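First comes the structure, then the notes that go with it.
Readers should treat all values here as calculations from the given coordinates under stated rules, not as data from a laboratory. None of these values were measured; they are calculated from a predicted model. For neighbour counting, all protein chains shown are included, and Cβ atoms are generated from backbone atoms with ideal geometry for every residue, glycine included.
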Amino acid sequence: MGKIVLEPGLTEQGVRFSVEVDAVERECLILKSALAHLCKLQGFTMDFMNTYRACEARIHSVARRLAAAGNQDTPLVLSTACFN
């Protein structure tokens, strides 16, 4: 599992965080719409940061897979479609 390099933080668009993939730090952003989708899927009623923390392993797994697949976007954006 990649280590967390950047402390997660709430932005206007979602939650910014980073993962390390193949010794490269990748900045990521999970959109608020994706967090709301995850919250609904899990049956949670909580704010965006708490949803991020509750689903952190899944979110980081998706981010690492996208980075490993060659996605070079910065930040690497995780939308609702990433979790369907």
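Observations on the structure shown:
- In terms of surrounding Cβ atoms within a 10 Å radius of their Cβ, 30, 59 rank from fewest to most as 59, 30.
- When each of the peptides 51-57, 33-39 is scored by how many other beta carbons lie within 10 Å of its residues on average, the order from highest to lowest is 33-39, 51-57.
- Student exercise, the chain dipole from Lys, Arg, Asp, Glu Cβ charges, in Debye to nearest 20: 280
- Per-selection metrics, segment 9-83 (Cα): Rg and Dmax in Å: 11.7, 36
- Footprinting exposure proxy for 17, 48 (fewest neighbouring C-beta atoms within 10 Å first): 48, 17
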